[in-house]
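Throughout, read-outs are computed from the coordinates displayed, never taken from laboratory work. Computed from a predicted model, the values in this text were never measured in an experiment. No Cβ is skipped: glycine too gets one built from the backbone with ideal geometry, and neighbour counts run over all protein chains shown.
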């Protein structure tokens, strides 16, 4: 009888383990990749429901000066985490960003997700569809209070990624009478490389043959010196691929290497 009860307990425990969601990873130290992306171990999570300025994206601040809002967004997310461990509910692969997963992530000790906090503080805007977390109200509150990027003028990150220069501009400091001048700042012909980011990206129609929107060029590749006006800068190949860029063919490793 005792053996039977022991076996039943083992089976019940095993079954419970199968039924419990396995998507929530253990809390771990987070590496902040940008304003809406963190890495826990080998998994990179894009925070569900939000979209932050890209690391190389510029905005206009409330004084009408260029502002590295992508860098500030990354630093803002780092500040929200504050060096604490982070736990993420894994929502599966992010189809829009190859190799990354969607996640709802929370820092130890917090009851509110980083997704919501990022939207509420104005680090990022809300996007739909969101799978598990909805941050529209948080983003609207940040917009109404002119918090974070909302105090200035900026292009939607999705428009910036594809070089859509005629999309709607967002933020309290946008001025219709200065529209062309503002767009020239937000989409410069020769953007400066953020610190530590040396990979050049160019939007290219021919890249769409492989399902991409552009091509990236690495230092040391034959094509690199000729790209004098890159449209994007990336800090890693992973970031470039997640943005929809493929490596230039003359940058590919030689066979056998």
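Using Cα-only point scatterers and the Debye equation, what is log10 of I(q)/I(0) for the stretch 30-186 at each q in 0.09, 0.19, 0.20 Å⁻¹, rounded to two decimals?
Here log10 of I(q) over I(0) equals -0.27, -1.13, -1.24.
Applying 1/(1 + (r/R0)^6) with R0 = 35 Å to the Cβ-Cβ distance of residue 219 and residue 79, what FRET efficiency is obtained, to the nearest 0.05?
0.65
What is the extension gain from residue 28 to residue 108, computed as 0.36 nm multiplied by their sequence separation minus the C-alpha to C-alpha distance, in nm to one decimal? Kindly include the intermediate steps, with their values, before the conclusion.
Working: separation 80, 0.36 × 80 = 28.80 nm, distance 0.95 nm.
The residue 28-residue 108 span can extend by a further 27.9 nm.
Each label point is 7 Å from the Cα along the Cα-to-Cβ direction; what then is the distance between the points at residue 238 and residue 166, in nm?
Each label point lies 7 Å from its Cα, and together they span 3.8 nm.
Just to verify a number: FRET efficiency for residue 179 and residue 229, C-beta to C-beta distance, R0 = 30 Å, to 0.05?
For R0 = 30 Å, the calculated efficiency reads 0.85.
So what's the Cα pair-distance distribution over the stretch 199-250, bin width 5 Å, in %?
In order of increasing distance, the bins hold 5, 25, 36, 26, 9, 0 percent.
Sequence gap at least 6, Cα distance under 8 Å: using those rules, report the relative contact order of the stretch 31-173 to the nearest whole percent.
After rounding, I find 26 percent.
Sum -39500 (n - 2.57) across every DSSP H segment of at least 4 residues in the chain, then divide by the residue count to get the 222 nm mean residue ellipticity, nearest 500.
-7500 deg cm²/dmol
Taking only C-alpha pairs under 8 Å that are 6+ residues apart, what is the relative contact order of the chain in percent?
16
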